[in-house]
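What follows is calculated from the coordinates using simple rules that are stated; it is not laboratory data. As the structure is a computational prediction, the values presented were derived from the model and not from experiment. No Cβ is skipped: glycine too gets one built from the backbone with ideal geometry, and neighbour counts run over all protein chains shown.
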Amino acid sequence: MERLLSALKAIAEPTRLRLLALCAEGELTVSELTAILGQSQPRVSRHLRLLCEAGLLERFREGNWIFHRLARESVNADLVRRLLALIPQDDPNIELDRERLRAVRRARAERAAAYFRKNAPEWDEIRSLHVPESEVERALVEVVSDAGPRELLDVGTGTGRILEILAPLVEHGLGVDISSEMLAIARAKLGDKAITNCELRLADMYKLPVASASVDAVTIHQVLHFADEPAAVIAETARVLRPGGRLIVIDFAPHELEELRADHAHRRLGFGDAEVRGWFQKAGLNPASTTVLEGDPLTVVIWPAERASAPERPRETVRAHTGVALQ
């Protein structure tokens, strides 16, 4: 009863209700929330602290940034969802908050896109600065070989390097990326290597142009740390996996290289094992044994997971001439 009353008291204030509605849209920093609400940082921070103390929000620090999101495991989580559903969609404050949130997300996307345009020709070289890419590729090939996939999807394919090394192991590969500059380089590389069983497509990793339960393996190589909502990316990739299909995430372990945000547009400074496994489980995937490749200063981790059962309500599909199941 005390927890319930504490939660109700915390919610019963306009700014705090707006903060809950915003954090229901994804992880946001204090500075982003301050910009959206148009209020002072001390005021916003105080409201966030009260919501965290009531168990409605959870906060976590990465370097100099502090993120806030809805508390997923809170005893009041269902209460928050019910209350947020009651907010009138045409409320002027909520509409303005959403408009500003879209502007924040556009600014993020534009910054990342500018970085990709600038660095596309040297992308493979940038990756190799962190941990020897040959080690990562050998370990990845081993994990994919064990899975024996026919249809492969590479999310955030960049220059197409993952398709290049995995093409001999699959019947067909599809690489998607949101950067047309990256895809132009990938197409050139695959053409030079005479790789004909792979294709590329401009697409958003949150809305994959692939039918539900239609691929055997999905790779996400050094992409998740750019994502605003990593859990949503995991859930979307889980959707497209067939029963028994495997998702393979390759990314950094937690680190403190703040300059990767400033210089390379990284949204997250690596991921903890428990966090990634939690995303897998919520997406209906069974985590498997991880591979840790120690590096200096960065360590790369390969997280595999398997789809145990078919996703619910598969989307209607058609077949392209290439044989890939499309939405």
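Numbers below:
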read-out	value
Under 27 Å from the Cα of K189 - lysines, other chains or at least 8 residues apart	K118, K207
Charge dipole magnitude, Cβ of K and R +1, D and E -1 - the chain, Cα centre, debye nearest 20	1100 debye
Cα long-axis angle, helix 14-23 against the chain (0 to 90 degrees, to the nearest 10)	10 degrees
With Cα atoms, 0 to 90° folded angle of helix 133-147 axis to the chain main axis	90 degrees
The chain: calculated mean residue ellipticity at 222 nm from DSSP helix runs of at least 4, using -39500 (n - 2.57)	-13500 deg cm²/dmol
Ranking of E135, E199, E259 by count of other Cβ atoms within 10 Å, fewest first	E259, E135, E199
Stretch gain in nm, segment A12-K189, where the contour uses 0.36 nm per residue and the Cα spacing is subtracted	58.0 nm
Built amide H within the under 5 Å cut-off of E199, gap 5+	G173, L174, G175
Neighbour-count ranking [beta-carbon atoms within 10 angstrom, fewest first] of S6, S179	S6, S179
Label-point gap, in nm, between R3 and E294 - each point 7 angstrom along Cα→Cβ	4.1 nm
Degrees separating the helix 41-53 axis from the principal Cα axis of the chain, which is the longest one	90 degrees
D (Stokes-Einstein, µm²/s), Kirkwood Cα radius, the chain, 1.567 mPa s at 4 °C	61 µm²/s
Loop-located trypsin sites (Lys or Arg not before Pro) in the range 33-100, at most 16 other Cβ atoms within 10 Å (DSSP)	R72
Most to least packed among 281-290, 29-38, 297-306 [average Cβ atoms within 10 Å]	297-306, 29-38, 281-290
